[in-house]
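Have a look at the structure below, then the notes.
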Amino acid sequence: MDIIGVSNVCLTLGKTEILKHINVSFEEGKIHGLIGRNGSGKTMLMKCICGFIKPTSGEIIVDGKKVGKDVDFPKDMGIIIETPGFIPYYSGYKNLKLLAGLNNKIGKEEIKSSMKQVGLDPDLKRHVRKYSLGMRQRLGLAQAIMENPKILILDEPFNGLDKDGVKEMREYLLSYKEQGKTILICSHSAEDISVLCDTVHEMDKGVISEIKG
Ligand SMILES: Nc1ncnc2c1ncn2[C@@H]1O[C@H](COP(=O)(O)OP(=O)(O)OP(=O)(O)O)[C@@H](O)[C@H]1O
């Protein structure tokens, strides 16, 4: 069953056509990759799927609901698009606690568990300003999974990770998939994601094509 369906989506900003008649669907319970050069439109497509940007035309259905109509912000999605902003003078745990405070359903144990799942120590007192890029990436992922979302949308999740970090992130994403979750990953590097993904699509100048189905 498809959990994300994108039908004939176009996006024009100013006079520039950013997305050109995108038709693509993503099956539930799989890892889907989106590759393409810088500026090819990957992030814009993800932002449309998340409901952050309204396409100029076309329709996007996520988990049976129309994005931007029935739902403005699908609550079943864990999203990391661009580097998440954290308060530099707080620890990782305190940052997540602050964010979780916006949703009273997330308790301390969920926060700690999401940090442990991505290999971060919730008791580490170190301020986020002293985190490496890889640690920030993990903290972003911990934030995205706090609510145990059905769908994870990740823009360049391997940025800043060393070889071991990439391996651990891949293992983590596979284990998340094993729980029946759907993951959409965007990367400029086919090498980083092709081993992980069940399907891969490529964006080129706003046009999408399937390269692994
Ligand atoms: N606000 C904007 N107004 C006009 N054009 C924009 C705007 N934001 C982005 N663009 C353009 O949209 C195109 C697609 O950008 P997008 O960020 O989706 O690329 P990408 O494939 O994710 O690349 P990257 O790997 O660099 O993030 C680019 O040519 C970019 O310059």
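Derivation of every value follows stated rules applied to the coordinates shown; laboratory data play no part. Small disclaimer: the values here were computed from a predicted structure and weren't measured. Reconstructed Cβ throughout: ideal geometry from the backbone, glycine too, with neighbour counts over all protein chains shown.
Quick notes on this structure:
- Helix 163-178 axis, angle to the chain major axis (alpha carbon atoms, nearest 10°): 70 degrees
- Our summary gives the chain a relative contact order of 29 percent, counting only alpha carbon pairs under 8 angstrom and 6 or more residues apart.
- Given charges at beta-carbon only (K, R positive; D, E negative), |dipole| of the chain in Debye: 800 debye
- Where only alpha carbons of the chain are counted, the Rg and the Dmax (Å): 17.0, 50
- Above-threshold pairs, the threshold being 18 Å between Cα atoms, out of LYS47/LYS105; LYS47/LYS212; LYS66/LYS105; LYS30/LYS212; LYS150/LYS205: LYS47/LYS105; LYS47/LYS212; LYS66/LYS105; LYS150/LYS205
- Principal-axis tilt of helix 108-117 within the chain, Cα atoms, nearest 10 degrees: 70 degrees
- In the chain, a dipole from Cβ-located charges (positive for Lys and Arg, negative for Asp and Glu) runs towards its positive end, and of ASN23, ILE35, GLY165 it is GLY165 whose Cα lies farthest in that direction.
- Each residue in MET1, MET77, MET135 was given a count of other beta-carbon atoms within 10 angstrom of its own, and listing them fewest first yields MET1, MET135, MET77.
- Binned Cα-Cα distance frequencies in segment 85-148 - 10 Å width, integer %: 25, 61, 14
- In degrees, nearest ten, helix 133-145 long axis to first principal axis of the chain (Cα): 80 degrees
- Charge dipole (Cα centre; +1 on Lys/Arg Cβ, -1 on Asp/Glu Cβ; no other charges) of segment 85-148 amounts to roughly 260 debye.
- Sorted by Cβ density within 10 Å, fewest first, the residues THR199, THR56, THR16, THR182: THR16, THR56, THR199, THR182
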